[in-house]
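Okay, so here's the structure we're looking at.
FYI, it's all coordinate maths here, none of it is from the lab. Please read all numbers here as calculations on a predicted model, not as lab measurements. We place every Cβ from the backbone using ideal geometry, glycine too, and count neighbours over all the protein chains shown.
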Amino acid sequence: MLQQAWQYIVGHPDKLLEWTWQHLQIVLVANVIAAVVGVLLGVWVSGKGREQLAEGVIHAASILMTIPSLALFGILMGILYALSLPSIGFLPVVIALALYGLLPIIRNTHTALREVDPAMIEAGRGMGMSGVQLLLKVKMPLAVPVIMAGLRQAMVMNVGIAAIGSYLGAGGLGQPIFRGLGNYRKDLVLVGALTVSLLAIIIDLLMAGVERLTTPKGIRIGRKH
């Protein structure tokens, strides 16, 4: 079976590249949306006196994670159809993945901002910084590595979920998997499954590198010790 899968890859590299590019587009667009919305929500709920609000937002994002992907796709299809928007294909899959990616990003943003050393904040206030300046120049630079870890988790998770989006005509690496299952082609199933797994590993490694690069040098040295 491995030999048959390899023969398919060698014989149809254009197909594999097309599916991979479609898959990457879905994952990247969805996670950009999730990152923007998740970071903004995380910053908002991390403000003073918003502990209960933070719990509610994180709990709501947790509930979204418990909804099975096919069920969420179905719900979104109904909502988009009612709004006269495209109910199959790229749009519902991207929205679903963006919703799934919110939890780790919101949670990590909130946690990172709340755990900034109070001494650093007081030092910033002593220098005459406003609340916005403290956020942008003190809190966010220290929180970025933890936020990136949340984005990394969301992206790796969504690489796998995006494969199911092929049921909705969104394309991607789910196509060879479901086509293989429908035609009893184990080689196609293996091609899709291996490529999805490899893509997840590559994205995880790339995001780990970005996470390391965004970690301030002082924190990296402190972790080593």
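Just one of the listed residues (Gly172, Gly128) is in a loop (DSSP other than H, G, I, E, B) and surrounded by fewer than 19 Cβ atoms within 10 Å (Cβ to Cβ), and it is Gly128. Filtering the range 142-149 for residues that are assigned to a helix (DSSP H, G or I), under 19 Å from Val29 (Cβ atoms) and in contact with an Asp or Glu (Cβ under 6 Å, 6 or more places away or on another chain) leaves a non-empty set.
Considering (1) in contact with a Ser or Thr (Cβ under 7 Å, 6 or more places away or on another chain); (2) of a type in the set (Lys, Arg); (3) closer than 24 Å to Val159 by Cβ, the lone condition that Arg114 does not fulfil carries the number (3). What pairs come up if the first residue lies in the range 92-113 and is within 22 Å of Leu134 (Cβ to Cβ), the second is of a type in the set (S, T, N, Q) and surrounded by fewer than 23 Cβ atoms within 10 Å (Cβ to Cβ), and their beta carbons are under 9 Å apart, counting only those six or more places apart or on different chains? Final answer for the pair search is Ile105/Gln153; Arg107/Ser62; Asn108/Gln153.
Scanning the range 131-169 for residues that are surrounded by fewer than 22 Cβ atoms within 10 Å (Cβ to Cβ), of a type in the set (S, T, N, Q) and either touching a residue at least 24 places away in the same chain (Cβ under 8 Å) or within 20 Å of Gln22 (Cα to Cα) (or both) gives a single hit, Gln153.
The number of residues in the range 26-58 that are closer than 17 Å to Ala149 by Cα and free of Cβ contacts under 8 Å to residues at least 40 places away in the same chain comes to 4. Taken as a whole, the structure places Val94 among residues that are among the hydrophobic types (A, V, I, L, M, F, W, C), in a helix (DSSP H, G or I) and crowded, with 16+ Cβ neighbours inside 10 Å.
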